[in-house]
């Protein structure tokens, strides 16, 4: 499903009115009907308080109040602005509601008596806010949040930025949100996603061609689409048909990262997986590897890879493997940085860079432009901040990292989009939710996963999964989509079986087969 900004939704609204001839009043009527039907569907009590602002969001809420009043519900509208300050659409709804006998009071505060045993419809603010909510509106929102009233928000919880999901000073904590046409970014990103409660996307008559336009570059990753991405298995085939992934990973004390990346790669269907590891640790890996093959590589003598490993890696990729995954647990020093740079400039197979391979490029993002093959990076916020901070002109990396981490919270979609467009790479920005950015500006928002996956090794598992799909000839964007969705789905299944507190990375690997079966059953 497409996801839109406030401006994109306004453009859809205008196009529906101007190009398709659908009056704005009709859209508002249908929005109000969608909200009132949802209230009727969700709640069986008959007392409703509509908190309405003076814009079109308030108009939607007043339209809902009129419908509920006509159905015999006890409805009161508490309107935060006087009649002479209402938008034209809101004013029209106000007059119709008064004519229909709806009780409307002009108020700038609410009381416990108002909210007692009521369902509250939040129609205070819409999707267009771009500054902090101030008193008296912020006081009303705070009072509502402190109450035990059930709340259903119209379009988006008042006080949530539609474009970032950030709370603009004070925001309604809704139990349900009814939005129209398409979800907004603020519904999908935190903390806005938390404020939204359960999201209901309702059809109010926008033409389908507007909702599915190719100009809308943000969308969610859905189960149906991922089901179609999973490569089929021909009856007459062999392991060579499903890719050979070289996983360069591990160092002394971090052997588990390498093994988990390799194991998850196999679980996602890779025909062959070879582990490229520091040669002084070969005995350790040989003792633990089962289905994986082991390629000892020149190291520094202290259990970390040497830049001299480059020739052996390059030769192996030219002769055997068709994908390189590098970074889990390799540590960072001058040898690692030199190795990553040399590989970037020469490797002609798709690459997945994770963890320390990304850290090795801190302040050197321009080197990504020299890559001769598709590059996928899988950073969490700290790694992304380190990658960006020096190139943003910050004098101290630590200070810059802190500043960039804050910037990523405020504008993660904008930053990751700019990064991939500038560098020509694909980016899997791990978080809640995980975002995928492509060089053409497209952004995918993952819909699976849970906080139990915030555990050591979870990212290593994801690296192996994405690499496996690359090896099976999926495009970089397809491989990211399938890997990220299935990774989150396996985590959800694991949390369902073991709980989020007890979930560990190897549990996620163990649930990958169940996730695959879930996809096939869905189809």
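The values are calculated or read from the model by the stated rules, or taken from the named source; none is laboratory data. Note that the coordinates shown come from a computational prediction; the quantities given were computed from them, not determined experimentally. Positions of Cβ are backbone-derived with ideal geometry, glycine not excepted, and every protein chain shown enters the neighbour counts.
Annotation: residue 374 fulfils all but one of (1) over 23 Å from residue 418 (Cβ atoms); (2) modelled with pLDDT of 95 or more; the unmet one is (1). Inside the range 97-116, can you point out the residues that are surrounded by 12 or more Cβ atoms within 10 Å (Cβ to Cβ), in contact with a strand residue (DSSP E or B) (Cβ under 9 Å, 6 or more places away or on another chain) and closer than 19 Å to residue 69 by Cβ? 97, 98, 102, 103, 104, 107, 114, 115, listed by residue number.
Of all residues in the range 310-354, those being more than 30 Å from the chain's Cα centre (by Cα), in contact (Cβ under 8 Å) with a residue 60 or more places away in the chain and under 24 Å from residue 256 (Cα atoms) number 4. Scan the range 314-333 for residues that are crowded, with 21+ Cβ neighbours inside 10 Å and assigned to a loop (DSSP other than H, G, I, E, B) and the total you get is 6. Taken residue by residue, the range 439-449 has no member that is in a helix (DSSP H, G or I) and either assigned by TED's automatic domain parsing to the domain that holds residue 167 or surrounded by 24 or more Cβ atoms within 10 Å (Cβ to Cβ) (or both). Residues that are over 30 Å from residue 469 (Cα atoms) and either outside the structural domain of residue 163 (by TED's automatic domain parsing) or surrounded by fewer than 20 Cβ atoms within 10 Å (Cβ to Cβ) (or both) do not occur anywhere in the range 219-236. Only helices (runs of 4 or more DSSP H) whose full extent lies in the range 1-86 are considered here, and the ones with at least 2 residues that are modelled with pLDDT of 95 or more and closer than 30 Å to residue 441 by Cα are 6-18. Looking only at residues in the range 476-523 that are free of Cβ contacts under 8 Å to residues at least 60 places away in the same chain, surrounded by fewer than 24 Cβ atoms within 10 Å (Cβ to Cβ) and not in a helix (DSSP H, G or I), the one that is farthest from the chain's Cα centre (by Cα) is 502. Out of 42, 27, 33, 37, one residue alone is within 32 Å of the chain's Cα centre (by Cα), farther than 30 Å from residue 213 by Cβ and in the same structural domain as residue 211 (by TED's automatic domain parsing). It is 42. Quick one: which residue in 491, 483, 471 is within 13 Å of residue 247 (Cβ to Cβ), touching a helix residue (DSSP H, G or I) at 6+ places or on another chain (Cβ under 9 Å) and modelled with pLDDT of 95 or more? From the options 491, 483, 471, the qualifying one is 471. Scanning the range 289-307 turns up no residue that is assigned to a helix (DSSP H, G or I), in the same structural domain as residue 350 (by TED's automatic domain parsing) and surrounded by fewer than 20 Cβ atoms within 10 Å (Cβ to Cβ).
If the condition is being within 15 Å of residue 352 (Cβ to Cβ) and under 28 Å from the mean Cα position of the chain (by Cα), then the range 267-295 contributes 268, 270.
Residue pairs whose Cβ atoms lie under 6 Å apart, separated by 6 or more positions or on different chains, with the first residue in the range 421-440 and under 15 Å from residue 479 (Cβ atoms) and the second in a loop (DSSP other than H, G, I, E, B), are 426/438; 428/378; 434/446; 439/424. Could you say whether any residue in the range 400-409 is assigned to a helix (DSSP H, G or I), over 20 Å from the mean Cα position of the chain (by Cα) and crowded, with 20+ Cβ neighbours inside 10 Å? Yes: one or more hits. In this structure, residue 250 qualifies as touching a helix residue (DSSP H, G or I) at 6+ places or on another chain (Cβ under 9 Å), assigned to a loop (DSSP other than H, G, I, E, B) and not assigned by TED's automatic domain parsing to the domain that holds residue 17. Residues in the range 355-384 that are part of a helix (DSSP H, G or I) and surrounded by fewer than 24 Cβ atoms within 10 Å (Cβ to Cβ): 358, 359, 365, 366, 367, 368, 369, 370, 381, 382.
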